[in-house]
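Laboratory data are not the source of any read-out in this text; all were calculated from the coordinates shown. What you see is a predicted model; the values in this text were computed from it and never measured. A quick note on method: Cβ atoms are made from the backbone with ideal geometry, for glycine too, and the neighbour counts reach across all protein chains shown.
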Amino acid sequence: MTKPIFRFAPSPNGRLHLGHAYSALLNADLARRFDGRLLLRIEDIDTTRCRPEFEEAIHEDLAWLGLQWEEPVRRQSEHFDDYRAAFRTLKGRGVVYACFCSRKDIAEAVACREAEAKTGAAQPWPRDPDGAPLYPGTCRTLSAGEIERRIAHGEPHAWRLDMQALQRLLPGSHGYRRFDYDGHEEDVVANPWRWGDAVIVRKDTPTSYHLSVVVDDALQGVTHVVRGQDLEPATDLHVLLQALLGLPVPLYHHHRLVLDPEGDKLAKSRQSPSLAELRTSGVTPQDIRQRLGF
C-alpha cells in the first residue's frame, strides 16, 4: 500500500514565525500518525522577493525544531518548464486569455462600474475571497489579432482563467474531501467561481501560486495537503485546475491560524517575531512545541 505523502511548502521571502512552525509541526505529526512521508518544498516562484539566505534559514529553523524531511527538496524556480507545460494545456482548452491591465487600470474600471451602478448610493463591486475586486473582464473580448500584436510588441501581460468559458466546459459542482486529525473524512462543495477570472500566469513569472501548487502536488504524489485556514478558499480554485489538468485531488485539512495578542494572523509583512529571534531570546524547541500544543 502506498504511504500517504504530506508536504510543508514555505516561501523564502522572510524568516519563519510561529505560524509556520505550527504548520510544519502539524504536517510532521500527521505524517507520523498516518505512517506517511514528509516532504519539504521551497515555493520560490517570486524571484524578486525570495532570497537564498531566507531559504537557508528555513532549513536551519526546521532542523532546530527537530524536523526531518525527504531529499531532494523541490525548488519551484527549478521547474518552470513543468508550469509552462500545464499552462499550454489550459491554453489549448481555450480557458485562458491574455490580460494587459495594470492594477491602476483595474481600479479605475471598477470605480467606473460602481459609479454607473448608482441607484441612490454606489453599489459595491464584488470582491474575491482575498478582498480584491473581481476583474471586470476588460481584456476578455480582445481579438486574437490584437493579443498577438501586443504580445509581439513586448507589452507586459498576465493570463487569466475565463470563468465564463469554464462554466460551459465544466458545468455542475466541484468538490474535494476534507480530513481531520483522527482520519475522518467528509465531502466539501467547492465554489471556484467566486474568484472571478483569476490570474493563472503572472506578468513577472511563467506561473502563479495557484498553478504551481497543483502541478507540484501532483508531480510529487502529495496525498494530504495540510495548510492554514486562510488558504481554504484557494482550494476551490485548485480543485477546478485539477479537473482541467486531469490531476488527482488530494485530501485537504485547513488548520487553525496562530494569532498575535491583538488577534491578527502572524505574518512576515507585519514583522511578527521570527523563530530565529525567539531562539536568540532563549526559547527552546520544546518551548515552541508546548506553546503550539504538540
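Can you list the equivalent-ellipsoid semi-axes of the range 43-105, largest first and in whole Å, using the square root of 5 times each Cα gyration tensor eigenvalue?
Here the semi-axes work out to 33, 18, 9 Å.
Of Lys265, Lys104, Lys91, which has the largest mean-square fluctuation in a 10 Å C-alpha GNM of the chain?
Answer for the Gaussian network model of the chain: Lys104.
What relative contact order, as a whole-number percentage, does the chain give when Cα pairs under 8 Å and 6 or more residues apart are counted?
23 percent
Total Lys pairs in the chain closer than 28 Å by alpha-carbon, pairs eight or more apart in sequence or interchain only?
7
Per the Kirkwood treatment, what hydrodynamic radius in Å, one decimal, follows for the chain from the mean inverse distance over all distinct Cα pairs?
20.9 Å
Taking every DSSP beta bridge with both residues inside the chain, roughly what % is antiparallel (nearest 5)?
Of the beta bridges lying entirely in the chain, close to 55 percent run antiparallel.
Express in whole angstrom the spacing between the alpha-carbon centres of the range 62-116 and the range 218-294.
Using only Cα atoms to place each centre, the spacing works out to 19 Å.
Mind checking the dipole of the range 1-113: about its Cα centre, +1 per Lys or Arg Cβ, -1 per Asp or Glu Cβ, Debye to the nearest 20?
600 debye
Within a 10 angstrom radius of the beta carbon, how do Met1, Met163 rank from fewest other beta carbons to most?
Final ranking by Cβ density, sparse to dense: Met1, Met163.
Specify the inter-centroid distance of the range 152-207 and the range 15-55, based on alpha-carbon positions, in whole Å.
First find each Cα centre; the distance between them is then 23 Å.
Over the range 20-80, what is the relative contact order in whole percent, taking alpha-carbon pairs under 8 Å and six or more residues apart?
Across the range 20-80, relative contact order equals 46 percent.
Could you tell me the calculated FRET efficiency between Trp64 and Ile151, based on Cβ-Cβ distance and R0 = 35 angstrom, to the nearest 0.05?
0.15
Compare Leu67, Leu240, Leu26 in a GNM of the chain, Cα atoms joined below 10 Å, and give the one with the largest fluctuation.
The residue that fluctuates most here is Leu67.
Counting other beta carbons within 10 Å of each residue's own, what order do Ile45, Ile147, Ile58 fall into, fewest first?
Ile147, Ile58, Ile45
Pairing the Cα long axis of helix 18-33 with the longest principal axis of the chain, what angle in degrees results, from 0 to 90 and rounded to the nearest 10?
70 degrees
In Å, the Kirkwood hydrodynamic radius of the range 1-100 over pairs of distinct alpha carbons?
Result for the range 1-100 stands at 15.3 Å.
Would you calculate the convex hull of the Cα atoms in the range 140-239 and tell me its volume per residue in Å³?
127 Å³
Can you give the calculated 222 nm mean residue ellipticity of the chain, where each DSSP H run of n ≥ 4 adds -39,500 (n - 2.57) and the sum is split over every residue, rounded to the nearest 500 deg cm²/dmol?
Computed mean residue ellipticity for the chain: -11500 deg cm²/dmol.
Using a 10 angstrom cutoff on alpha carbons, build the Gaussian network for the chain and name the most mobile of Asp187, Asp29, Asp236.
With Cα springs under 10 Å in the chain, the top fluctuation among Asp187, Asp29, Asp236 is at Asp187.
Over the range 152-286, what is the relative contact order in percent, taking alpha-carbon pairs closer than 8 angstrom and at least six residues apart?
Result for the range 152-286 is 23 percent.
Under 5 Å between amide hydrogens, which residues at least 5 positions from Cys99 or on another chain qualify, with H placed 1.01 Å from N in the peptide plane?
Ala158, Trp159, Arg160
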